[in-house]
């Protein structure tokens, strides 16, 4: 192969890789449209205002948790304790609302965020400085935090009559009294926007990508790897704590044995489907938001179509595998582009 042909081949491969990466989000949108069309044909009532609202209420909770999980995965880590953090923060604040009915819901929300921040900081410290692998650390804290949830609550759930009506209204009413887009959706959008600017415009956010891309190179460049890792897990915990309050608002109760169980897997699925590289170094807020929307639409569609929960898990698994396969193809093309093969 001549030099000119080699350059042309390399440029062509790089162009293909860029196109694959650029249109990952478009692929999710097209898949989402196909699901909506298919579900509507099978069951015309799928597009009713009730079902559309169900999707809108399902997505915010997942989006808030997925924003943190995305940052963790970009650094080549993983956090499977977010469901337990959600439950523990939710149960503690719920108990305060139960015992002190006049307690301010905004202070309660701040407290839940701080609880989550502290629990996430424990994860981050163990991973960043004690050097325990992320999956081992968060598997341990998943059980520990869930156990604390039972201990603190004495196994009792927070009933609907103990959740302030003003908090429940967050899932019923939106800005200017508009019911179609409740406050929980607005909160999720704000979290997504803040995450976007943190990752793209702040030095700490850029360090997150650098660490995930090549930790050794990041260390040589003077990037504070340990502190950045700690920060990412602390933020993830804080967002899970916020999700604990949103859960109480959305469902009107917090149960120590049910709240947040398996939620970490759904969040990871949304992140992977959204195009975040499971090997670290890349991921976008838009992709993850679309992944959350896709899972929310699938969840409601399967329920409307009367498909059993076991089949819902199978469909989730298929979608995740499809996303991983697509991601593998993109990464292969990117490697080819970089080597000029």
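Data table
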{"quantity": "With eigenvalues of the C-alpha gyration tensor scaled by 5 and rooted, region 20-339, Å", "calculated": "30, 27, 17"}
{"quantity": "Likely footprinting exposure, 55, 211, fewest C-beta neighbours within 10 Å first", "calculated": "55, 211"}
{"quantity": "Least to most buried among 167, 52 (fewest other Cβ within 10 Å first)", "calculated": "52, 167"}
{"quantity": "More than 23 angstrom apart: percent of Cα pairs within region 26-177", "calculated": "53"}
{"quantity": "Exposure proxy order (Cβ contacts within 10 Å, fewest to most) of 58, 170, 227", "calculated": "227, 58, 170"}
{"quantity": "Net length gained if the chain between residue 136 and residue 310 were fully extended (0.36 nm per residue, minus Cα distance)", "calculated": "59.9 nm"}
{"quantity": "Computed label-point distance, nm, for sites residue 152 and residue 214 using a 7 Å Cα→Cβ extension", "calculated": "4.3"}
{"quantity": "Calculated FRET efficiency for the pair residue 318/residue 186, C-beta based, R₀ 41 Å, to 0.05", "calculated": "0.80"}
{"quantity": "Mean projected area in nm² (Cα convex hull; one quarter of hull surface) for region 179-260", "calculated": "7.1"}
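Values in this text are rule-based calculations from the coordinates and carry no lab data. Please read all numbers here as calculations on a predicted model, not as lab measurements. Note that we place each Cβ from the backbone using ideal geometry, even for glycine, and neighbour counts take in every protein chain shown.
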